[in-house]
Each structure stands twice: as structure tokens, then as C-alpha cells.
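Have a look at the structure below, then the notes.
Read-outs: derived from the displayed coordinates by stated rules, not from any lab. Here the structure is a predicted model, which is why all the values come from computation and not from measurement. Note that each Cβ is placed from the backbone with ideal geometry, even for glycine, and that neighbours are counted across all protein chains shown.
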Amino acid sequence: MCNLYSLTKGQDAIRGWFDGIDDQAGNLPPMPGIYPDYSAPVVRGGAEGPVLTMMRWGMPSPAFALKGKKTDRGVTNVRNIGSPHWRRWLGPEHRCVVPFTSFSEPHNRPGQPSRPVWFALDEDRPLAFFAGIWTQWTSVRKLKDGETTDNLYGFLTTEANAEVGAVHPKAMPVILTSPEAVQAWLSAETADLPALQQPLPDGTLQVIDPED
């Protein structure tokens, strides 16, 4: 599953996908390595339109996954949207999109250490978005911090297309490559979401070098 991605396009590129957006993210530097539990930019719906804001990567874990644990490190990727745990956050008020320029999947080979393989739409790494969900949640993410209340996000996965499947057959993120696809994800009826939880067509992604 995708636990590392990159965003190296600026806020102007993100804003350009929307017909008006409330930018609350501050001054965004390039982010060549975004890992679980990092804060990163996310676009969610607001009362007066889309809002660009910072959230913490990792949705609340299901109760069974927390038995015997003192912290909840969060769930970065969501696959089973039929689960009661995730269904509560599938309405438009909890949907978001996550801007990225490339993402990584682990390449595991027998007898060799795992290595990350990076994917993008092409070598120029144009901006695209993951289809995601978010919520505000109170939990203990790290013992040293104690209980905190955070805006948390994760993104959906689906079956892998040909390019990702050659490296990581189990899954790939749900990727949105046009403003129309972004708006469809943010506004669709909940019953229509399974039809949007689809992989990109084969041939859409390229393997690229890591971003510096």
C-alpha cells in the first residue's frame, strides 16, 4: 500500500483546479517525502466551497486493531468502503482530495531488501489528486504527546493497474486526473462511490526517478 508520496507543485497549481478556493494552508514548501502521520495539504468541502488546509495523514484505526495498544498510529489507505468503520465517513461532508505529484509503492523481491518504486503521470510529474476521506478525531497518536484532537485524512485504494501491479499487485491509490473527476468525488452520492473506486487505465502511469 502507498505509505509515501510527494508534492512538489505549489499552491497556485492546486488552486488552479478549483473555481474559487479558501486557502488556509499557509506557505507550502515543496514536500518531496510525505510519510504516515505527517501533516500535508488536503482539499475538503466547506460551507462556501472547497477549502485547502493541512491535515494529519492516518485515519482512526478500527477498534479491533487497537486491542492491547496504547496509541493509534492511524490508517493511511482505505480499501473496504463497505465496512461500518469507514461508512460513517463516506458522505460528502467527510470527503476530500489529496494533491500529489508522485507516489511510491514497495517492491518486494525474495531474498532482497524492499525498495520504493516511484510513479507519476509522466516525467514532468503533473499535479493529480488522491480520492480521500477525513474526520476530526481525538486519540493518542504518540505517547509523548498524550491525547490530541486532529483533522485526519486517508485515501482510497483499489486494484492495481498494469504499471503498479508489476511492482505491487495488491492495490494502488484511487487517482483523480481532472478537475471534473475531483468535483465528482467531492459531490457524488454515497451510493455511487464504488463506481468511482477504480484504478487508472493501463498505460496512464510511468515509473520515474525519486524526487530530490
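What the table shows:
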{"quantity": "Using θ = phi - 60° and Karplus 6.51 cos²θ - 1.76 cosθ + 1.60, couplings along segment 190-201 (whole Hz; Gly, Pro as x)", "calculated": "4, 5, 8, 5, x, 5, 8, 8, 10, x, 5, x"}
{"quantity": "Karplus (6.51, -1.76, 1.60) ³J(HN,Hα), θ = phi - 60°, over segment 108-124, in Hz, Gly and Pro reported as x", "calculated": "9, 10, x, x, 10, x, 5, 9, x, 10, 9, 10, 8, 5, 6, 5, 7"}
{"quantity": "Charge dipole magnitude, Cβ of K and R +1, D and E -1 - the chain, Cα centre, debye nearest 20", "calculated": "1200"}
{"quantity": "Alpha carbon centroid spacing (whole Å) that separates segment 148-209 from segment 12-46", "calculated": "17"}
{"quantity": "For the chain, built as a Gaussian network whose Cα springs stay under 10 Å, the top-fluctuating residue of Ser114, Ser178, Ser139", "calculated": "Ser114"}
{"quantity": "Least to most buried among Tyr5, Tyr35, Tyr153 (fewest other Cβ within 10 Å first)", "calculated": "Tyr35, Tyr5, Tyr153"}
{"quantity": "The chain: most fluctuating residue of Arg56, Arg87, Arg141 per GNM, C-alpha cutoff 10 Å", "calculated": "Arg87"}
{"quantity": "Proximal lysines to Lys69, defined as alpha-carbon separation beneath 21 angstrom and excluding residues fewer than eight positions away on the same chain", "calculated": "Lys142, Lys144"}
{"quantity": "Helix-only [θ]222 nm of the chain, DSSP H runs n ≥ 4, -39500 (n - 2.57) each, per residue, nearest 500", "calculated": "-2500 deg cm²/dmol"}
{"quantity": "Candidates Phe100, Phe129, Phe18, ranked by Gaussian network fluctuation over the chain, Cα under 10 Å, top entry", "calculated": "Phe18"}
{"quantity": "Neighbour net charge for Glu105 - beta-carbon separation under 14 angstrom, K R +1, D E -1", "calculated": "+1"}
{"quantity": "Share of Cα-Cα pairs in the chain lying beyond 32 Å, as whole percent", "calculated": "14"}
{"quantity": "FRET efficiency, 1/(1 + (r/R0)^6) with R0 22 Å, evaluated for Met54 and Val140 via beta carbons", "calculated": "0.60"}
